[in-house]
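*Asks:* What follows is a structure written as structure tokens; I'll ask about it next.
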Amino acid sequence: MKDIKLILLFVFLAMPGLAFGQLYNPTVINRPSGLNWQQLKTPHFRIIFPDGEDSLAYRSAAILESQYESISNLTGGRLNNFPVVLNNYNYLSNGFVTSFNFRSEIDLSALKGKGMNPQSGDWLETVLPHELVHATHFNVQQPFDEKKVSIPNFISLFSPDIARTFHGFPPVGLHEGLAVYHETESVAPNGGRGNYTFNTNRFNSNFGSSDRWNMGQTLITSDYSQPYNRHYVAGYTFMDWLHDEYGDDISKRTIRDHYHNFFLGYGFSLRQKTGKWPGQLYALYEEDLEEEESIRLAQIEVNTTEKSRIIDTKYSGEEMHGPQWISDEELLFYGSFYNGRVGFYRYNLESGDFKLIKEVFSVGDYNHDLENGKDLYFSNYESDPLISGVYTTDIQKLNVGTGKTERLTDGAKTYAPTTNGDRVLGIQVDGAGAQIVEVLGDGSVETRKSFTNGIPVSMQFNPTNPEQLAVVVNKRGVQALWITTINTLSQELDGDPDLAFYNASIFDPEWHPDGNKLLFTMDASPAMNVYEYDLDTEEITQLTSSLYNAFEASYSPDGNTIAYVLQSVDERKIATLSRAVFVNKPITNEALLTGSALEEEISRPLLGSSVMSSISEIEKTPYRSDASWLKPRAVYPVFLEKADTYQYGAGFSSIDALSRQAYSAEITGIQNRVWYDFTYTNKMFYPGVEVSAYSDPQFFAIRNNQNEVFSLMRQDRGFSLSMPFNYIFRGDTRYSAFSFSPEISAEQFKYYNLDADELTDFSTRYKAGLFSQLSLGILNLPRDIQPSSGMALFGLYEQTLNEPSATVPTPIGDYSANFRNQWAAYYGVFGFVSPLRRWNQSMRLDLQFLNQSSRAIYSNSTIVPMGFNNIDFPNYNISNDTGFQNIGRFSTRYTIPVWYPDTGGLLVPLYLSSVYLTTFTHTLTDMNANDLVESSRSVLGAGLHVQFKVSNLLLDLGIGFSYEPTRGNTQLIFGQF
């Protein structure tokens, strides 16, 4: 689950002269066609889902209704007819709540990997309660008869969505911490990320370091520092302590206080409800955690990390996974870094040589299988070409020596492959669950085992017995190990597992080269560690004893060393450990979950089963975007300054529940006339359409030869139609896409004096235009300030199709307005290179051109950057043959990151993300000149930039100077440059 989508819209209250414009239209999205959306309406929810996913929709409704009252009591928020959209077409699993077009969206495909506690149950039991906490939090609005006089309450009368965004001002860690608190305390025994060593020890590893997170780092999302999701577990740890100290209603009371007094910040509300300032609370929190952590560490008698060889690469910010042995001297693993490309790497233990084999976006379970040290079977995410943010999974084979890949499936929703050399098995997404399939030679798949009450997690063939398999399956929160065969797995996986443990889950099965032993990971407290299961003796032995976590281990070819992933402060590193120093702690049978206790756990009722009978009586109905969505979701003021006078009015905007169509309308008045601006966006089909209709005033002054001045008002009214098209070639580790947006418009213009007296009739002009962009291989590493590789070409063209003109009679003479043969072309290319990528430094080079007719459409300031004055390149004036029609520009921008503090506070909601330097050059020239060099002007400069957050709003501001050597001009510049 990614961060809550926070839309901070309070600025309209503090910034005069601002109108919202298109409020919902930019958020309209395409969805796949042919889904035939249905809906269920329960007492509190409106479940919207694709036809065919009925059982999951009813189950989701039951989970939500069964959790509703406890979560409402936790946050203080209430819901009615709240839209929950279930998606079955995205396999990069996620769930979110947005306060804007207030709804939740859940991808039905289960999350892959270790991110969620297996003991929570299945994916729906994990994600739905979590997102419901966010939904009720965002909807804390008092009943009308209890409302206080406050800005959010006033706004909620007209624009509930905008009022909800005030709940988005506190740091995201407070939101996510509260949601993780609920999933830990109230969903399943031993469930939730707060009961899961994979998550809690990532926090503990930092807490025990010399670089412990402060309160701001605990609660505010990290922009540039690992782990990027720290606000989940760190936020939970603080919220868990806060609730223990001040009672389970502390969040509800604080949320409501902040809602009314948002301008004072969440820290002030905590002070009001606890009697202590945030810094005082955090000091007490750290004291208590130090005591708890000392108790946990005391349970660990031996620290095998001290005896391990920890591999250091040339990169920083290591997030390493799935080590496999190419040979006794060489490892393969998956890695991502602050300053290195993400993908599969090889590392020579003797020479230290470190090399990228293949840049790839791996599925997050990191279950890949290396056959004979030569061919790696892995699964990866690939983006949908038409719908942004949608991914599928497939299995591929990578030749480790050449780096070439062979696709084994195409759009099959498969992952976690294993092979015995002749046959390939994988796991295929099946609704909110999964099934085991065999990949056939033609790329198709054949089902080997379906599940009704479980989900397969990982598999591996025995290297010495090609028919034998180790399979990990999660059944009702019991994640256990089965030893089976490819021919009997369909029956045997319905029986009892070979290994299951009390209050612990099994991961990462990996065979010993002799086929008689098996490595696995277990997340038992006090830390996740690596264990060995001897199939001959049935003995279980703990091999590693980590202070924090050790997991994803594999044997060397001789079986005498393991490579594994080690939690090390904020990084996950690859380490090796020799058999001679294994801790070799035997695991007794008392730790095993067997017999009636196992049966009871595996038979645990589904979450929501207590209300399923009443939910099942509700009939589904087809989802229809009827006229009810036209009721404005937001009503807001419009206040614009034009020509030293003011244009007042109101705006209205709405969007449908599936975010496929929206409108925005503004009605304003100025000069005793009514004006309007209406836009409708529809993406119910691909690629969609946007229609606009408007009547808008423009003010300007004319001057005659005697230098007399007269002011005019021009009414521009018309409509436009555009169809934005976007095709994504690649959206995994890099971005490559083509966009094309044609537009046609018909417009009438009419002239008035400032008393609104008509001076002309309407004249009509027709225009056509298009914008296109081609992005190729754009690479953004986690700590890149700007992309470090790739290029983009863009072009914009606009043309008047007829020859409109008007003669305006004025007291100082007639004014001729002529739009004949009016056109503009703006185009160019951007490129990015990184000569010092290791330090995330990047050079941008761009070449741009603006060519226009003698009667310009755009101001030349469109292409003129900071460092020049606007008057340096005026638009062409046909009357005196001065100015510029065709301008060329060549620019460079070099970014040098200086510091990534990623730190801030709660009482004062400021957070410093990064500090960086830039140097830049700009050269502009008149493309109509005979000598382009002689007619050019150049500036060079440098600046210091700061990226920071106010609440959750990220800003990038800089201060610098520019210098024009040929004229000796120096200019101080401020802003983004």
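The values are calculated or read from the model by the stated rules, or taken from the named source; none is laboratory data. Since this is a predicted model, take the numbers as computed values, not measurements. Cβ placement follows ideal geometry from the backbone for every residue including glycine, while neighbour counts extend to all protein chains displayed. Keep in mind that these areas ignore ligands, DNA and RNA; they rest on the heavy atoms of the full protein, side chains included. Shrake-Rupley method; radii C 1.70, N 1.55, O 1.52, S 1.80 Å.
*Asks:* How large is the Rg to Rh ratio of segment 863-977 when both quantities use alpha carbon positions and Rh follows Kirkwood?
*Replies:* On the way: Rg = 18.4 Å, Rh = 16.3 Å.
For segment 863-977, the value is 1.13.
*Asks:* Quick one: net charge around residue 921, please, counting Lys, Arg +1 and Asp, Glu -1 for every other residue with C-beta under 12 Å from its C-beta.
*Replies:* +2
*Asks:* Set the Förster radius R0 to 51 Å, insert the Cβ-Cβ distance between residue 464 and residue 698 as r into 1/(1 + (r/R0)^6), and round the FRET efficiency to 0.05. Walk me through the intermediate numbers first.
*Replies:* Numbers: r = 81 Å, r/R0 = 1.59.
Rounded to the nearest 0.05, the efficiency is 0.05.
*Asks:* Sticking with this structure for a sec: What aspartates and glutamates could a cross-link reach from residue 750, if we take a straight Cα to Cα line under 14 Å and drop same-chain neighbours fewer than 8 places away?
*Replies:* Cα-Cα hits under 14 Å: 696, 716, 758, 761.
*Asks:* Between exposed GluC sites (Glu not before Pro) in the chain, where DSSP calls loop and at most 12 other Cβ atoms lie within 10 Å, what's the longest gap?
*Replies:* Between the exposed loop sites, the longest stretch runs 1-300.
*Asks:* Of the options 108, 66, 153, report the single residue whose Cα projects farthest towards the positive end of the charge dipole of segment 37-299 (beta-carbon charges: Lys, Arg +1; Asp, Glu -1).
*Replies:* 153
*Asks:* Note down the nm distance, to one decimal, between modelled labels 7 Å out along Cα→Cβ at residue 861 and at residue 503.
*Replies:* Those two pseudo-labels are separated by 6.7 nm.
*Asks:* Can I ask one more? Can you work out the FRET efficiency for the pair residue 442 and residue 689, with r the C-beta to C-beta distance and R0 = 45 Å, to the nearest 0.05?
*Replies:* Efficiency computed from Cβ-Cβ geometry: 0.70.
*Asks:* Another question, if that's okay. With an 8 Å Cα cut-off and a minimum separation of 6 or more residues, compute the relative contact order for the chain in percent.
*Replies:* Relative contact order, the chain: 10 percent.
*Asks:* Another one. Mind putting a number on the dipole of segment 125-257 about its Cα centre? Charges go on the C-beta only, +1 for Lys and Arg and -1 for Asp and Glu, and I need it in Debye to the nearest 20.
*Replies:* Values: 10 positive and 16 negative charges, 59 e Å.
Computed charge dipole of segment 125-257: roughly 280 debye.
*Asks:* Suppose the Debye formula is applied to equal point scatterers at every Cα of segment 37-299; what is log10 I(q)/I(0) at q = 0.10, 0.15, 0.16, 0.17 Å⁻¹?
*Replies:* -0.51, -1.14, -1.27, -1.40
*Asks:* Under 21 Å Cα to Cα from residue 517, which lysines show up? Leave out anything in the same chain fewer than 8 places away.
*Replies:* 585
*Asks:* What number, in nm² with one decimal, is the all-direction average of the projected area of the convex hull of the alpha-carbon atoms of segment 686-975?
*Replies:* Approximately 20.4 nm², given one-decimal rounding.
*Asks:* Report the per residue volume, in Å³, of the convex hull enclosing the C-alpha atoms of segment 857-897.
*Replies:* On the way: hull volume 3.2 nm³, N = 41.
Normalising the Cα hull of segment 857-897 by residue number yields 78 Å³.
*Asks:* Under the rule a/c < 1.5 gives rounded, and otherwise a/b versus b/c splits prolate from oblate, where does segment 370-435 land using the Cα gyration tensor?
*Replies:* It comes out oblate by the Cα gyration axes.
*Asks:* Could you go through segment 531-547 in sequence order and give the Karplus-derived ³J(HN,Hα) for each residue, using 6.51 cos²θ - 1.76 cosθ + 1.60 with θ = phi - 60°, rounded to whole Hz, and x for Gly and Pro?
*Replies:* My calculation for segment 531-547 gives 10, 10, 10, 8, 5, 6, 9, 6, 8, 10, 10, 7, 9, 10, 9, 8, 5 Hz in order.
*Asks:* Whole-Hz ³J(HN,Hα) for each residue in segment 431-439, computed from phi via Karplus 6.51 cos²θ - 1.76 cosθ + 1.60 with θ = phi - 60°, x for glycine and proline: what do you get?
*Replies:* x, 8, x, 7, 9, 8, 10, 9, 8
*Asks:* If you place +1 on the Cβ of every Lys and Arg, -1 on the Cβ of every Asp and Glu, and leave all else neutral, what size is the dipole of the chain about its Cα centre, to the nearest 20 Debye?
*Replies:* 2840
*Asks:* Now, a different point. Sort largest first and round to whole Å: the equivalent ellipsoid semi-axes of segment 230-275, each the square root of five times a Cα gyration tensor eigenvalue.
*Replies:* Equivalent-ellipsoid dimensions as semi-axes: 19, 13, 8 Å.
*Asks:* Sticking with this one: Once Lys and Arg get +1 and Asp and Glu get -1 on their Cβ, which of 888, 877, 275 lies farthest toward the positive end of the dipole of the chain?
*Replies:* 877
*Asks:* Using a/c under 1.5 as the rounded threshold, could you call segment 517-557 rounded, prolate or oblate? The axes a ≥ b ≥ c are square roots of the C-alpha gyration tensor eigenvalues, and prolate needs a/b larger than b/c, oblate otherwise.
*Replies:* Working: a/c = 2.76, a/b = 1.53, b/c = 1.80.
Oblate, since a/c reaches 1.5 and b/c is not below a/b.
*Asks:* Tell me the Rg and the Dmax, in Å, that the Cα atoms of the chain produce.
*Replies:* According to the Cα coordinates of the chain, Rg and Dmax are 31.3, 107 Å.
*Asks:* Taking R0 as 56 Å, what's the FRET efficiency between residue 770 and residue 584 from their Cβ-Cβ distance, rounded to 0.05?
*Replies:* Calculated value: 0.20.
*Asks:* Along the principal axes of its C-alpha atoms, what lengths does segment 210-365 span, in descending order and rounded to whole Å?
*Replies:* 61, 39, 25
*Asks:* Using only the alpha-carbon atoms of segment 432-520, report the extent along each of the three principal axes, biggest first, to the nearest angstrom.
*Replies:* For segment 432-520, the Cα spread along each principal axis is 42, 36, 19 Å.
*Asks:* Can you tell me the Rg and Dmax of segment 306-603, counting just the alpha carbons, in angstroms?
*Replies:* 18.5, 55
*Asks:* Hey, can you find the accessible area per residue of the chain for me, probe 1.4 Å, expressed in square angstrom?
*Replies:* Counting only protein heavy atoms, the per-residue value for the chain is 40 Å².
*Asks:* Let me know the volume per residue of the alpha-carbon convex hull for segment 767-901, in Å³. Please list the in-between numbers first.
*Replies:* Values: hull volume 20.2 nm³, N = 135.
Expressed per residue, the convex hull around the Cα atoms of segment 767-901 is 150 Å³.
*Asks:* Whose amide H sits under 5 Å from the amide H of residue 734, counting only residues 5 or more places off or on another chain, with H placed in the peptide plane?
*Replies:* none
*Asks:* Dipole of segment 37-299, Cα-centred, from +1 at each Lys and Arg C-beta and -1 at each Asp and Glu C-beta, to the nearest 20 debye?
*Replies:* Result for segment 37-299 is approximately 660 debye, rounded to the nearest 20.
*Asks:* Sticking with the crude label model, points 7 Å out along Cα→Cβ, report the distance from residue 355 to residue 603 in nm, one decimal please.
*Replies:* 5.8
*Asks:* Given axes a ≥ b ≥ c from the Cα gyration tensor, I'd like to know whether segment 169-259 is rounded (a/c under 1.5), prolate (a/b larger than b/c) or oblate.
*Replies:* Working: a/c = 1.86, a/b = 1.21, b/c = 1.54.
The shape class here is oblate.
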